[in-house]
Amino acid sequence: MTAENRTVVVTGIGAFTPLGGDAATFWEGLLAGRSGVHALTEEWAAELPVRIAAKVAVEPSEILPRPVARKLDRSAQFALIAAREAWKDAGFEGPATADTNELAPERLGTVIASGIGGVTTLLDQYDVLKQQGVRKVSPHTVPMLMPNSPAANVGLEVGARAGVHTPVSACASGAEAIGYAIEMIRSGRADVVVAGGTEAAVHPLPIVAFSNMMAMSKNNDDPEHASRPYDKARDGFVLGEGAGVVVLESAEHAAARGARVYCEAIGQGLSSDAHHIAQPEPTGAGVSRAIADLFDRNELDKAEVVHVNAHATSTPQGDTAEIKALSRELGEHLEHVAISATKSMTGHLLGGAGGIETVATVLALHHRIAPPTINVVELDDDIDADIVRDEPRKLPVEGRIAALNNSFGFGGHNVVLAFRTV
Amino acid sequence: MATQTEVLEGLAEIVNEIAGIPVEDVALDKSFTDDLDVDSLSMVEVVVAAEERFGAKIPDDEVKNLKTVGDAVNFIVANV
């Protein structure tokens, strides 16, 4: 049970996103090139410098009973809904228990991350304290706002006892969670891990804070075209919210129970920039090292890579640096790589991005089709790569193909995940 | 001055709001923790809501003694 370097596969997916409340609707939205970005019509948004965001397509209150929802931060609500979908999709019913031979709780883990944690709970309860006094502050505040709350609540839901973890690395958090989960199974610590990312930060304070960093698009008059990775006129990211969760499983375990396998989760490449707390390293050197680390430590042939779900948040510097790194590391192989920036449709889910983009990458391999990048009106001269624009693109129908999912975060965190058809 | 029936009805509405338990299931002999899905955190919410509704003061030290709905009803009736 403790063999090292075990093969890991994806057996379940779930997504709660601006394009749809489940993985199928999300995928349909991506292929249709639909934007999930809309004007914020709430009263609190009226005076903000940024008045657009990609909110979830379905309100969690329509799905979760009130007594459940009131004890969960919005980020944990998203994660729970996506995790339930992924769990069911993987063929599991109810929590793991000692009575079931199929999966012992001690062999099951969860790794779900968010970049900011329960920020709306923290801010809302501070308002309650100021306006209504000490007695009215919810006793659920701490378990709601702690960043490990989504991982812990999903762990309670499925009965995970091998470990519940929450790596935090800003916008790379979701990808780092999935990488951590792959390692848990590879190293023999667990047979099944529910992993992903979630974020719920559509609130005036985070919006103003990001906006004051000059990081966000201020294209308030044209929300659907505001998130425009690789376009010459891109002016920053659009905040999104939601969660993406996958069920990862050792190949042996999946085969033993006859589970449907979407693809192999090969592994991760990691690096850090040591450059600036918030700005990307302009030459893409850090991203290069993460890609190199992926190929150094995993059995993956560069020629197999045909698709990249890019980090590409629609910031002037970041999008360019990532392409430079891909070009440097993949060399001539970049010619047959279809690059998609799905944030053009979903906005940037921060810690949730690695979650939903992993779901998108898994589905791209499964259906052998790359989703489009929308809103590229005039491609930036510095983007010398094959960007999938406007329409989805068929990937090679024959043979084994692989795809990368990139995520980078403030603080200089670089995470590259790799997946491959089986 | 609230009667036992009035307090029970009010408490049932509070438990319904917080834990989603049907009001008719909130009976005097029911345990908050074992029967009504009200854990120690949610019990704090029940206490705060009950104080507000009935104008009673339920000291923190007293909360641990309120194991059943009947315990809470009796305490509130005796202390408003």
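The values are calculated or read from the model by the stated rules, or taken from the named source; none is laboratory data. Here the structure is a predicted model, which is why all the values come from computation and not from measurement. Glycine gets a Cβ as well: all are built from the backbone with ideal geometry, and neighbour counts include every protein chain shown. Just so you know, the surface numbers come from the protein's heavy atoms only, side chains and all, with ligands and any DNA or RNA stripped out. Shrake-Rupley method; radii C 1.70, N 1.55, O 1.52, S 1.80 Å.
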**Note, ³J(HN,Hα) from phi for segment A:407-414, Karplus 6.51, -1.76, 1.60, rounded to Hz, x at Gly and Pro** = 9, 10, x, 3, x, x, 8, 10
**Request:** Order the peptides A:128-140, B:37-49 from the highest to the lowest mean number of other Cβ atoms within 10 Å of their residues.
**Result:** B:37-49, A:128-140
**Prompt:** Taking the mean number of other Cβ atoms within 10 Å as a proxy for protection, how do you rank A:150-158, A:244-252, A:47-55 from highest to lowest?
**Reply:** A:244-252, A:150-158, A:47-55
**Message:** Inside 10 Å of the C-beta atoms of A:136-142, what's the mean count of C-beta atoms belonging to other chains?
**Reply:** 4
**Fill in**
A correct Kirkwood calculation over the Cα atoms of segment A:268-420 returns a hydrodynamic radius in Å of 15.2
**Asked** Amide H to amide H under 5 Å from B:ILE58: which residues, 5+ apart in sequence or cross-chain, H placed 1.01 Å off N in plane?
**Response** none
**Complete:** With the dipole of segment B:4-79 defined by +1 on each Lys or Arg Cβ and -1 on each Asp or Glu Cβ, the option from B:ALA56, B:GLY20, B:SER31 whose Cα lies farthest towards the positive pole is B:ALA56
**Message:** At 18 angstrom or more along the helix axis (alpha-carbon based) and mean Kyte-Doolittle of 0.0 or higher, what helices does chain B contain? Whole DSSP H runs only.
**Reply:** B:4-19, B:40-54
**segment B:4-79 - convex hull of the alpha-carbon atoms, volume per residue in Å³** = 73
**Request:** Just report the Cα centroid separation between segment A:212-227 and segment B:35-80, whole Å.
**Result:** 50
**Mean separation of Cα contacts under 8 Å, 6 or more apart, over the residue count of segment A:23-140: relative contact order %** = 15
**Request:** For segment A:268-420, with all protein chains present and a 1.4 Å probe, just round the carbon and sulfur fraction of the accessible area to a whole percent.
**Result:** 48
**Compactness of segment A:78-184, expressed as Rg and Dmax over alpha-carbon positions, Å** = 16.1, 52
**Request:** Let me have the 222 nm mean residue ellipticity of chain A computed from DSSP H runs of 4+ only, each contributing -39500 (n - 2.57), with the sum over all residues rounded to the nearest 500.
**Result:** -9500 deg cm²/dmol
**Request:** State, as an integer percentage, the relative contact order of chain A based on alpha-carbon contacts under 8 Å between residues 6 or more apart.
**Result:** 23
**Asked** About its Cα centre, what dipole magnitude does segment A:268-420 give when the only charges are +1 on Lys and Arg Cβ and -1 on Asp and Glu Cβ, stated in debye to the nearest 20?
**Response** 520
**Request:** Any chance you could run the full-extension gain for A:ARG368 through A:GLU28? It's 0.36 nm times the residue separation minus the Cα-Cα distance, nm to one decimal.
**Result:** 121.0 nm
**Asked** So for segment A:8-256, taking the charge dipole from beta-carbon charges (+1 Lys/Arg, -1 Asp/Glu), which of A:ALA82, A:PRO143, A:THR110 sits furthest toward the positive end?
**Response** A:PRO143
**Message:** Order A:193-203, A:290-300, B:58-68 from most to least packed using the mean count of other Cβ atoms within 10 Å.
**Reply:** A:193-203, A:290-300, B:58-68
**Prompt:** To the nearest 20 debye, what is the magnitude of the charge dipole of the protein assembly as shown about its Cα centre, counting +1 on the Cβ of each Lys and Arg and -1 on the Cβ of each Asp and Glu?
**Reply:** 580
**Message:** Kirkwood hydrodynamic radius, computed over distinct alpha-carbon pairs, for chain A: how many Å, to one decimal?
**Reply:** 21.0
**Message:** For A:GLY267, what residues show an amide H to amide H distance below 5 Å, using hydrogens built from the backbone and excluding near sequence neighbours?
**Reply:** A:ALA418
**Request:** Count, for each residue of B:40-50, the Cβ atoms from other chains sitting within 10 Å of its Cβ, then give me the mean as a whole number.
**Result:** 3
**Request:** Anything in chain A that counts as a DSSP H helix reaching 27 Å or more along its axis (C-alpha) with Kyte-Doolittle mean of at least 0.5? List them, would you?
**Result:** none
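Which whole number gives the average, over all residues in A:69-78, of C-beta atoms from other chains lying within 10 Å of the residue C-beta?
1
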**Asked** Residue by residue, what Karplus-based ³J(HN,Hα) values in Hz, rounded to whole numbers, does segment B:20-34 have, using 6.51, -1.76 and 1.60 with θ = phi - 60° and x for Gly and Pro?
**Response** x, 7, x, 4, 5, 7, 8, 10, 4, 8, 7, 7, 4, 6, 7
